[in-house]
Amino acid sequence: MESIQTIAEAITNIVKLMADKPDDVSVEVVPVPGGMILRYSVAPSDIGKLIGAHGRNARSLWVIVAAIGMGAKLRISLDIPSGSPDRSGPDQR
């Protein structure tokens, strides 16, 4: 369990470095069989910065998360807010 917390903290630090309002960054760690989901909450003004132009920042975060997960032998998913007011989560696509 300690490695899950360490991984979550590492990714959270990266997200905080990207945000204009790092104090508004929070993460919910959702354990799933064989891994975890990291659900991030950021200030509305930071959503676009986190996702980046054409999703480049988000893709880069997913690559980092996948590499860390492979090293830890865990499946890690990253849930980044879309900023779209009509979506309430990843299941509402």
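The values are calculated or read from the model by the stated rules, or taken from the named source; none is laboratory data. Not measured: the values here are computed from a predicted model. When we count neighbours, we look across all protein chains shown, and the Cβ atoms used for this are built from the backbone with ideal geometry, even at glycine. Surface accessibility is based on the protein's heavy atoms, side chains included, excluding ligands, DNA and RNA. Shrake-Rupley method; radii C 1.70, N 1.55, O 1.52, S 1.80 Å.
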- Note on the structure: Screening Ile76, Ile4 for residues that are in contact with a strand residue (DSSP E or B) (Cβ under 8 Å, 6 or more places away or on another chain) and not in a helix (DSSP H, G or I) leaves only Ile76
- Task: Please work out which residue is modelled with the lowest pLDDT, limiting yourself to the stretch 39-73 and to residues that are part of a loop (DSSP other than H, G, I, E, B) and within 19 Å of Val25 (Cα to Cα).
- Result: Gly52
- Count - residues of the stretch 23-66 that are out of contact with any Lys or Arg (no Cβ under 7 Å at 6 or more places or on another chain) and at positive phi: 3
- Task: Considering each residue of the stretch 51-68, count those that are touching a helix residue (DSSP H, G or I) at 6+ places or on another chain (Cβ under 8 Å) and under 24 Å from Ser3 (Cα atoms), and give that number.
- Result: 5
- Look at the stretch 47-64 and say how many of its residues are among the small types (Gly, Ala, Ser) and either surrounded by 15 or more Cβ atoms within 10 Å (Cβ to Cβ) or within 14 Å of Val15 (Cβ to Cβ) (or both). 4
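Answer yes or no as to whether Asp20 is modelled with pLDDT of 90 or more, part of a loop (DSSP other than H, G, I, E, B) and surrounded by fewer than 16 Cβ atoms within 10 Å (Cβ to Cβ). Break it down stepwise before answering.
Numbers: modelled with pLDDT of 90 or more: yes; part of a loop (DSSP other than H, G, I, E, B): yes; surrounded by fewer than 16 Cβ atoms within 10 Å (Cβ to Cβ): yes.
Answer is yes for this residue.
Of Pro33, Pro44, which residue is open to solvent by 90 Å² or more (accessible area, probe 1.4 Å), of a type outside the set (Lys, Arg) and closer than 17 Å to Ser82 by Cβ? If you could, list the steps in order and put the result at the bottom.
Working: Pro33 fails: closer than 17 Å to Ser82 by Cβ.
Being open to solvent by 90 Å² or more (accessible area, probe 1.4 Å), of a type outside the set (Lys, Arg) and closer than 17 Å to Ser82 by Cβ holds for just one of Pro33, Pro44, which is Pro44.
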